[in-house]
Amino acid sequence: VEQQNRQIDGQHVLMVKGEISNPTTDIRKIPWLRFALTDETGKELYTWTLDTASRPLRPGETTSFTTRVAAPPELAKNLQIRFAHADEIGSNQGS
């Protein structure tokens with residue numbers, strides 16, 4: 001995973017790029033991803049999900065993802081990424 005902070009049209013933008021791979025011997029569907037920006041204590045300040053919109057991965061295959069957030073919370077210190085639970089899909093939340 002790679003994250004970059006950029007200024008685009010005078011606005012701070014956090015860009016996140018990464019790869020998902022299938023290390024198994026079976027074809028696997030890729031779940032949605034859940035991202036969380038947290039403060040230094042671990043409190044979530046902003047969350048969002050991303051539909052990988054990818055076909056299932058064959059054994060050993062890799063695919064990439066890219067997402068970005070305009071004006072992320074100033075107090076955000078860490079980025080957490082994991083596969084989303086069903087009740088989190090499609091959520092974009094600020095605190």
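The values are calculated or read from the model by the stated rules, or taken from the named source; none is laboratory data. On a predicted model such as this, the values are computed, not experimentally measured, just so you know. Reconstructed Cβ throughout: ideal geometry from the backbone, glycine too, with neighbour counts over all protein chains shown. Side chains included, ligands, DNA and RNA excluded: accessible areas come from the protein's heavy atoms. Shrake-Rupley method; radii C 1.70, N 1.55, O 1.52, S 1.80 Å.
The shape of the chain can be summarised by an equivalent ellipsoid whose semi-axes, obtained from the alpha carbon gyration tensor, come to 26, 15, 11 Å from longest to shortest. For the chain, set up a Gaussian network in which alpha carbons nearer than 10 Å are linked by springs, and say which option among P56, P31, P72 fluctuates the most. Per the Cα network of the chain with a 10 Å cutoff, P56 tops the list. When the chain is treated as a GNM with alpha-carbon contacts under 10 Å, the residue of D39, D26, D51 showing the greatest mean-square fluctuation is D26. Calculated accessible area for the range 1-74 comes out at 64 Å² per residue, all protein chains present (probe 1.4 Å; ligands, DNA, RNA ignored).
Within the listed set T62, T41, T52, the residue fluctuating most in the Gaussian network model of the chain (springs between alpha-carbon atoms under 10 angstrom) is T41.
Summing charges over neighbours of P23, with a neighbour being any other residue whose Cβ is under 13 Å away from its Cβ, gives -1 when K and R count +1 and D and E count -1.
Cross-link reach is defined here as a Cα-Cα straight distance under 20 Å, omitting same-chain residues fewer than 8 places apart; for K29 the lysines meeting it are K17. Of the solvent-accessible surface of the chain, computed with a 1.4 Å probe over protein heavy atoms with every protein chain present, carbon and sulfur atoms account for 45 percent. Restricting the range 4-95 to trypsin sites (Lys or Arg not before Pro) that sit in a DSSP loop and have at most 15 other Cβ atoms within 10 Å of their own Cβ leaves K29, K43, K77. Comparing Cα centroids, the range 1-47 and the range 64-83 end up 5 angstrom apart.
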